[in-house]
1. Could you grab me the full set of residues in the stretch 49-97 that are in a loop (DSSP other than H, G, I, E, B) and closer than 22 Å to Ser35 by Cα?
2. Does Ala183 qualify as being surrounded by 22 or more Cβ atoms within 10 Å (Cβ to Cβ), of a type in the set (Gly, Ala, Ser) and in contact with a helix residue (DSSP H, G or I) (Cβ under 8 Å, 6 or more places away or on another chain)?
3. Step by step: first the residues of the stretch 126-163, then only those that are in contact with a helix residue (DSSP H, G or I) (Cβ under 9 Å, 6 or more places away or on another chain) and of a type in the set (Val, Ile, Thr), then the one that is surrounded by the fewest Cβ atoms within 10 Å (Cβ to Cβ). Which residue is that?
4. Of the residues Asn259, Asn179, Asn251, which is without any contact (Cβ under 8 Å) to a residue 12 or more places away in the chain and not hydrophobic (A, V, I, L, M, F, W, C)?
5. Look at the stretch 195-223 and say how many of its residues are surrounded by fewer than 15 Cβ atoms within 10 Å (Cβ to Cβ) and under 25 Å from Ser36 (Cβ atoms).
6. Of everything in the stretch 224-273 that's closer than 21 Å to Gly148 by Cα and in a helix (DSSP H, G or I), which residue is modelled with the lowest pLDDT?
7. Being part of a loop (DSSP other than H, G, I, E, B), in contact with a Ser or Thr (Cβ under 7 Å, 6 or more places away or on another chain) and of a type outside the set (Phe, Trp, Tyr) is the requirement here; does Leu200 meet it?
8. Would you please list the contacts, defined by Cβ atoms under 6 Å and residues six or more apart or on different chains, that run from a residue in the stretch 107-122 that is modelled with pLDDT under 95 and assigned to a loop (DSSP other than H, G, I, E, B) to a residue that is surrounded by fewer than 21 Cβ atoms within 10 Å (Cβ to Cβ) and of a type in the set (Gly, Ala, Ser)?
Amino acid sequence: MKTETKDTVLSQESLANRRTILDIIHRGGASHISSSFSAVEILRAMYRAVDIDKIRSNSEDRDRVIISKGHCAAAVYTVMHDYGLISDEYLESYHTNGSLLSGLVSHFVPYVEHSTGSLGHGLSVGLGVAIGLKARGFDSASVYVIVGDAEMHEGSNWEAFMLAGHVGLGNLCVIIDNNGFGAIGGTDECCSLEPLKDKLESFGFATYEADGHDEDEVYSVIRQSRSAGHPVGIICKTIKGKGVSFMEGDNVWHYRPPNKEAYAKMVLELERL
């Protein structure tokens, strides 16, 4: 099963990110490589859209980034490194003994707002943060929450959608990595989310669809959505494992770390693109 997307040509920057993700996951013996590969362009577009300087200075009116899909930590930390939020040495310690860079995002890492891993928690936290920012008059700050599509089987997400629409949180943007898979199978086979766009709109969300592997398109939608005046949902169509042919749509790579042979094949494929 493969998610329907355009035959998107990956940028050199996103290819370099995938190579870094591959290296740190292989070195640390970690899992979730395919989940990280599906989120690269989404993360790049989101960090490109936020005010990095305010995040770096820990300003009270900074944008907040919450990665509810916490198992794409390797991709998160790699993109944070690109934006100067994580050092080379720190990134290279990923998933090694004594490192704070574990396989799930952690608020003990500088510039990470919230620890996630137990799915379905990030959006509720993001909702509370957005309400708090609005109450304190920080009108320039937005809250961005990245969720996985299978994570939306959690009922807490739908409670958050309901309340966000009810109070009209125009400073909340939910970005969905819609790669068609959960940990153990296809999202539609477990419990279909469709019609997802209609559902979000029924909760009062201004809802957009984008090719999740086109960074410029996702960035453009994020920028466009800032004037929506309503909470925003961006459904990003992605392919789990995007960038390596034998990993794309093969859900075994959700948990399987690449061995030496697989690592070598992945390196060759990423260098050919």
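1. Ser68, Lys69, Tyr83, Leu85, Ile86, Ser93, Tyr94, His95, Thr96
2. Considered against the rule, which asks whether it is surrounded by 22 or more Cβ atoms within 10 Å (Cβ to Cβ), of a type in the set (Gly, Ala, Ser) and in contact with a helix residue (DSSP H, G or I) (Cβ under 8 Å, 6 or more places away or on another chain), Ala183 comes out as no.
3. Ile131
4. On inspection, the qualifying residue turns out to be Asn259.
5. 2
6. Only one residue tops the list, namely Ser225.
7. No.
8. Within 6 Å, the pairs are Gly120/Ser156.
The values are calculated or read from the model by the stated rules, or taken from the named source; none is laboratory data. Only a predicted model underlies this, so the values are computations on that prediction, with no experimental measurement involved. For neighbour counting, all protein chains shown are included, and Cβ atoms are generated from backbone atoms with ideal geometry for every residue, glycine included.
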